[in-house]
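**Student:** Please read through the structure below; I'll follow up with questions.
The values are calculated or read from the model by the stated rules, or taken from the named source; none is laboratory data. Treat the numbers as computed from the prediction; the structure is a model and nothing was measured. Counting neighbours? That spans all protein chains shown, and the Cβs are built from the backbone with ideal geometry, glycine included.
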Amino acid sequence: MSGSATPALMRETIESIRDRFVADDERIVLFTTFNFVPGFFETNVLPLLTGESAEDLKNNPQVRYGLNEELRRLRCLVVCDQSTQPPAKGDLRYGLLPVGLPNGRFHPKLMLMAGTLRETGKPGMWLAVGSGNLSLSGWAINREVIGAVPVCLQHAEAMLPLLQWLLAKANDQLRGRDVKEEGGVRAILGDLAARLGDRAWLQPEMDGVPSLHLALPWHRQRSLIAALASQRRWQRATIISPYWGQVDSLVRELGVKECRFVPSLAAGQFRFPLTSLGEQKNWKRSFASFGDDRYTHAKVLLLEDGDKSALLCVGSANFTGAALGDPASSGFANIEAVLKYELPAVPRQWRKLQVLDESRLEEAEGAEEQAPPLPPFEVSLFYDWQRRQFDGVLTIGRREPVSNVVLHVAGMVIPLDGTPGEPVVLSCECTCRQPVRSFSVNWTDGGRKRAVFHGLVIQVNAEDDQLLYQPRPRLDDVLGFLRSLNPAQSADEVRRRSLLDGEAGGDGDEDEREPSFDYFGLFQAAWKLREFYSKQDVVKLAAIAFDGSSRHSMTTLYRAIVLQPDQTDEQRIARFVQLCEVRDLLDWLRARNVGPTADSAMADIGREIAGLTPVIGRMLQESPSFRDMFGNVPAQGRIDAFIGWFQREFSNRGAVHGR
């Protein structure tokens with residue numbers, strides 16, 4: 001366990017955990033936090049996890065694309081409290097899940113990492129629990145505290161209910177739909193839960209390893225403070241916390257004879273609810289400080305039994321009823337996480353506290369973390385890139401009257417008034433070229449005042465270039481690269497050359513190019529792809545052919561085609577020809593028992609061609625040359641036969657090329 005002797009404490013702890021794992025193997029990382037600042041996280045924490053430098057991340061798209069490639073092997077998820085209304089995430093590959101409680105805050109600050117342990121070569125997990133949020137203040141300014149521990153059976157049993165609850169919340173937000181959400185949120189939670197339930201991933205129990213305690217309002221039988229005190233009679237308590245509430249009742253529950261409080265210094269004042277203590281008949285109080293002007297955000301509970309033993313509890317829980325009290329009696333309860341160390345004596349750093357005179361205290365008993373009010377409804381909204389529509393649900397709570405509820409998203413204004421307790425389902429079509437990442441809900445509260453809540457849009461069924469994880473492929477560039485393929489080279493060699501040659505496209509913000517009508521180049525590229533795929537290991541071929549991050553894949557070729565405009569007849573003809581060629585390539589692969597992955601947009605290619613077929617038929621019917629051949633009003637059978645012949649020619653030519 002580490003106290004914040006240095007502002008780099010959080011960074012150093014995460015680095016030490018990162019270095020325990022094999023970097024080239026898959027890792028899964030879960031962060032939970034109350035406040036979340038995406039800009040700080042993306043430029044400081046994510047590069048730290050991959051071991052990359054992020055100095056030029058903001059202004060260099062290629063650095064961002066490279067980091068996104070690293071984040072394929074390091075799957076990361078951040079869970080935060082939705083009431084803080086976090087800003088939208090940027091264009092980096094990780095999951096973000098804001099969650100809320102009807103009468104509390106999602107307040108734990110922990111990191112769980114799973115992967116291959118460097119020392120043993122075996123699977124394992126490490127856990128860090130502390131007080132710092134994923135923000136500049138939490139990582140570089142405040143005085144914080146954090147502990148790290150290899151995950152044993154006790155930690156796994158404590159963590160599992162939290163992960164199961166988070167997985168249920170993620171499913172509820174997506175209304176249980178079988179979609180591919182950005183960041184693989186549900187897959188990460190499910191995989192971590194499976195590892196926590198598998199003893200092969202857990203370390204053997206060891207002496208001196210701290211125990212993990214979570215405050216889960218729906219799950220706990222007693223208050224968190226009772227669980228931490230371990231039903232022992234302690235003589236003295238030292239409590240460090242920036243926020244205070246129900247102090248007298250919590251101290252009585254500890255049953256100590258003496259209590260020393262260490263409040264935080266903010267704007268030159270130590271803030272503490274002194275008048276709320278009332279008469280103290282069974283215990284005496286004192287106050288202490290760290291002797292400097294650094295803001296203390298650490299949360300520590302130190303219990304002493306003379307010189308015999310001590311308990312040191314560090315984590316996210318402020319000394320308030322919402323964090324430590326009995327949820328059945330307080331009515332307001334947070335989710336919290338605390339590590340408890342059993343020690344033979346009090347650590348030296350906690351003996352150095354300086355005496356603080358009560359005259360320096362300013363009366364204060366404020367809300368936890370000064371968070372905004374809890375919204376009087378639950379709301380989730382996601383954008384489906386395949387269906388091109390927003391879907392969502394809003395359920396108004398019963399705590400207070402709410403009226404005139406209006407959703408604002410992508411320039412649309414949608415009324416959402418409903419009956420309390422009954423979900424209002426939203427579904428509206430909208431074609432988005434860039435990710436719409438946030439929405440707002442305005443409403444009138446019981447006091448006839450207008451209020452606003454800002455939420456985040458979940459992206460589902462999106463391709464990497466749509467989320468700007470990688471540049472949008474341009475057909476001319478893709479075809480040029482495919483025509484240069486050397487079938488004798490391995491897939492790894494071709495991939496390395498692809499990266500050295502530069503990405504196919506720009507940074508996602510460039511103007512559209514003119515569409516490509518180079519049919520000979522398309523046919524030549526398809527022939528080269530067949531030759532290249534023919535030389536690959538059949539077992540690995542699906543991964544090569546449908547890897548959206550490579551320039552020699554079917555997925556990239558398909559994306560380059562459908563990203564071109566199809567507004568004119570000439571453009572629609574080009575798309576029809578190009579998609580028919582891609583479908584022929586797919587049929588060629590399927591004949592070798594290689595098909596697109598279940599979540600690939602290419603599964604809809606037949607539907608797209610079918611949608612274009614009547615358009616092509618109309619153009620044939622209106623073509624003077626076609627009319628000269630088949631009459632002034634060509635029969636539909638003639639049109640269908642001609643289109644069928646045209647499509648068969650692709651297959652016949654592909655069969656010749658595939659020999």
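**Student:** Do you know which residues across the range 543-558 are free of Cβ contacts under 8 Å to residues at least 24 places away in the same chain and among the hydrophobic types (A, V, I, L, M, F, W, C)?
**Tutor:** Listed by number, the list holds a single entry, 543.
**Student:** Which one of these does residue 356 not meet: (1) at pLDDT 90 or above; (2) within 25 Å of the chain's Cα centre (by Cα)?
**Tutor:** For residue 356, the failing item is (2).
**Student:** Under the condition of being among the basic types (Lys, Arg) and farther than 30 Å from residue 462 by Cα, which residue from the range 600-659 is modelled with the highest pLDDT?
**Tutor:** Here the residue is 618.
**Student:** OK, next. With the range 143-246 as the region, which helices (runs of 4 or more DSSP H) entirely inside it contain at least 1 residues that are in the same structural domain as residue 344 (by TED's automatic domain parsing)?
**Tutor:** Answer list for the range 143-246: 224-229.
**Student:** Would you mind stating whether residue 531 is out of contact with any Cys (no Cβ under 9 Å at 6 or more places or on another chain), under 30 Å from residue 486 (Cβ atoms), assigned by TED's automatic domain parsing to the domain that holds residue 484 and in a helix (DSSP H, G or I)?
**Tutor:** Yes: the conditions hold for residue 531.
**Student:** Related question: With the requirement that a residue be surrounded by fewer than 13 Cβ atoms within 10 Å (Cβ to Cβ) and either assigned to a loop (DSSP other than H, G, I, E, B) or not β-branched (Val, Ile, Thr) (or both), what does the range 260-291 give you?
**Tutor:** 267, 268, 278, 279, 280, 281, 282, 284, 291
**Student:** Say whether the condition of being surrounded by 15 or more Cβ atoms within 10 Å (Cβ to Cβ), basic (Lys, Arg) and under 30 Å from residue 70 (Cβ atoms) is met by at least one residue in the range 216-237.
**Tutor:** The answer is no, given that none of the residues of the range 216-237 is surrounded by 15 or more Cβ atoms within 10 Å (Cβ to Cβ), basic (Lys, Arg) and under 30 Å from residue 70 (Cβ atoms).
**Student:** Could you list, in sequence order, the residues of the range 435-456 that are free of Cβ contacts under 8 Å to residues at least 24 places away in the same chain and either surrounded by 18 or more Cβ atoms within 10 Å (Cβ to Cβ) or outside any strand (DSSP E or B) (or both)?
**Tutor:** Residues satisfying the conditions are 447, 448, 449.
**Student:** Could you list, in sequence order, the residues of the range 292-327 that are farther than 21 Å from residue 233 by Cα and assigned to a strand (DSSP E or B)?
**Tutor:** 296, 315
**Student:** Quick test of your reading of the structure: residue 418 fulfils all but one of (1) in a loop (DSSP other than H, G, I, E, B); (2) surrounded by fewer than 16 Cβ atoms within 10 Å (Cβ to Cβ). Name the failing condition by number.
**Tutor:** (2)
**Student:** Do the conditions hold for residue 223, that is, is it polar (S, T, N, Q), at pLDDT 95 or above, under 22 Å from residue 129 (Cβ atoms) and over 15 Å from the mean Cα position of the chain (by Cα)?
**Tutor:** When the stated conditions are applied, residue 223 does not pass them.
**Student:** Scan the range 115-126 and give yes if some residue there is surrounded by fewer than 20 Cβ atoms within 10 Å (Cβ to Cβ), closer than 30 Å to residue 153 by Cα, in contact (Cβ under 8 Å) with a residue 40 or more places away in the chain and aliphatic (A, V, I, L, M), otherwise no.
**Tutor:** Yes.
**Student:** Sort out which residues of the range 468-478 are aliphatic (A, V, I, L, M) and touching a helix residue (DSSP H, G or I) at 6+ places or on another chain (Cβ under 6 Å), and write them in order of number.
**Tutor:** 475, 478
**Student:** Something else now. Among what's in the range 409-441 and is modelled with pLDDT of 90 or more and of a type in the set (Ser, Thr, Tyr), pick the residue that is farthest from residue 453 (Cα to Cα).
**Tutor:** 427
**Student:** Taking into account only those residues within the range 280-311 that are polar (S, T, N, Q) and modelled with pLDDT of 90 or more, which is nearest to residue 348 (Cα to Cα)?
**Tutor:** If we take residues in the range 280-311 being polar (S, T, N, Q) and modelled with pLDDT of 90 or more, then 289 is nearest to residue 348 (Cα to Cα).
**Student:** Does any residue of the range 393-408 turn out to be over 24 Å from residue 446 (Cβ atoms), of a type outside the set (Asp, Glu) and outside the structural domain of residue 171 (by TED's automatic domain parsing)?
**Tutor:** no
**Student:** Does residue 403 satisfy the criteria of being touching a residue at least 12 places away in the same chain (Cβ under 8 Å), touching a helix residue (DSSP H, G or I) at 6+ places or on another chain (Cβ under 6 Å) and under 29 Å from residue 322 (Cβ atoms)?
**Tutor:** Taking the combined requirement at face value, the residue does not satisfy it.
**Student:** Counting just the residues of the range 533-567 that are under 26 Å from residue 70 (Cβ atoms) and among the aromatic types (Phe, Trp, Tyr), which one comes out surrounded by the most Cβ atoms within 10 Å (Cβ to Cβ)?
**Tutor:** 558
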